[in-house]
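Here the structure comes first, spelled out in structure tokens, and everything after it is commentary.
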Amino acid sequence: MALVDLLALKQHEVVSIVGSGGKTTLLNALAQIYHKQKILMTTTTKIFPPTQDLYQSAILTNTESTPATNGVTLWGIPNVNGKLSAPNLALLKKQLINYDKILIEADGAKRKPLKAWADFEPVVISDTTTTIGILPLNICGRKINASIVHRLDIFLALGDFYLGQVINPTVLARVISHPQGLFKGARGRKILLLNRVASPQTKAWAQQIVAALPAQCRADLSLIVGGNFKEQQEWKKYGKTSN
């Protein structure tokens, strides 16, 4: 099934994307899916600028009023590291009503496939209607260390994990379900997106993750989906959720 059909976003949505291993890819994919609408693509943290073919207009300063037009509008403030920083959040909130879809990268992972969350992150604004938490399943089988885990010290405390421990579905289920884990600060519908699900092994891991989630966590999730952006394959709904 197509990811857009599974997500079933409404006409007006504020989508905050959190987690690791695919946030920017999902941000860009959703912008292209809905590009005929009035789309705002932005961040509440920092992102690398998308290529110019992925948006039609850009706002690169903090501004009180910018007319929304059909197509994708990128809004971010250039910084010295070549990234785009978040616009003024008060100004951003004033603009939300003018767009059909507001797509926000609301988390950072320093380009590592797994992370933990400091007190100040993720930055999920109160207007968010859907929070999508994303994790890559190809991390299973690798060992917990600083090269693949952002904020390693905090991560180790999430589940009494230890340095060198092999990452498996039980570990990822703990990251997803922990109160300070993947959906920390989430608002609106909560959608779990398992990325890099393509092989029989990763599909089995996806099933094992869902089975390992506590019942309350599964009940809190509106949707669990798995698939692989790189292979442009059909996405699959996993598990049974109550929302």
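The values are calculated or read from the model by the stated rules, or taken from the named source; none is laboratory data. Because the structure is a prediction, the values reported are computed rather than measured. Here Cβ is always computed from backbone atoms with ideal geometry, including for glycine, and neighbour counts include all displayed protein chains. When the accessible area is computed, the model is the full protein with side chains, heavy atoms only, and any ligands, DNA or RNA have been set aside. Shrake-Rupley method; radii C 1.70, N 1.55, O 1.52, S 1.80 Å.
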Inter-part distance where the range 40-108 and the range 152-166 are each reduced to a Cα centre, Å: 34
Gain in span if fully extended, Gln208 to Ala8, counting 0.36 nm per residue against the direct Cα distance: 69.5 nm
The range 140-243 - accessible surface per residue (Å², probe 1.4 Å): 49
10 Å-binned pair-distance histogram of the range 81-190 (Cα, whole percent): 12, 42, 29, 14, 3
Which labelled figure in (1) 48; (2) 43; (3) 51 is percent of Cα pairs over 24 Å apart, once derived from the coordinates: (2)
Heavy atoms of Trp205 accessible to a 1.4 Å probe, total area in Å² rounded to 10: 50
Label zone at Ala198 (point 7 Å along Cα-to-Cβ), backbone N below 15 Å, the range 129-157: 136-140
Hz values of 3J(HN,Hα) by residue in the range 180-197 - Karplus curve (6.51, -1.76, 1.60), Gly and Pro given as x: 9, x, 4, 9, 4, x, 5, 10, x, 4, 10, 10, 8, 10, 8, 8, 6, 9
Lysines whose Cα lies under 17 Å from that of Lys10, excluding same-chain neighbours fewer than 8 positions away: Lys36, Lys38, Lys101, Lys190
0 to 90° range, to nearest 10: angle between helix 23-33 axis and the chain longest Cα axis: 50
Taking all pairs of distinct alpha-carbon atoms in the range 147-233, Kirkwood radius in angstrom: 14.0
Cα convex hull of the range 1-116 - mean projected area over all directions, nm²: 7.5
Pairs beyond 32 Å (Cα-Cα), from Lys115/Lys236; Lys94/Lys230; Lys46/Lys236; Lys93/Lys203: Lys94/Lys230; Lys93/Lys203
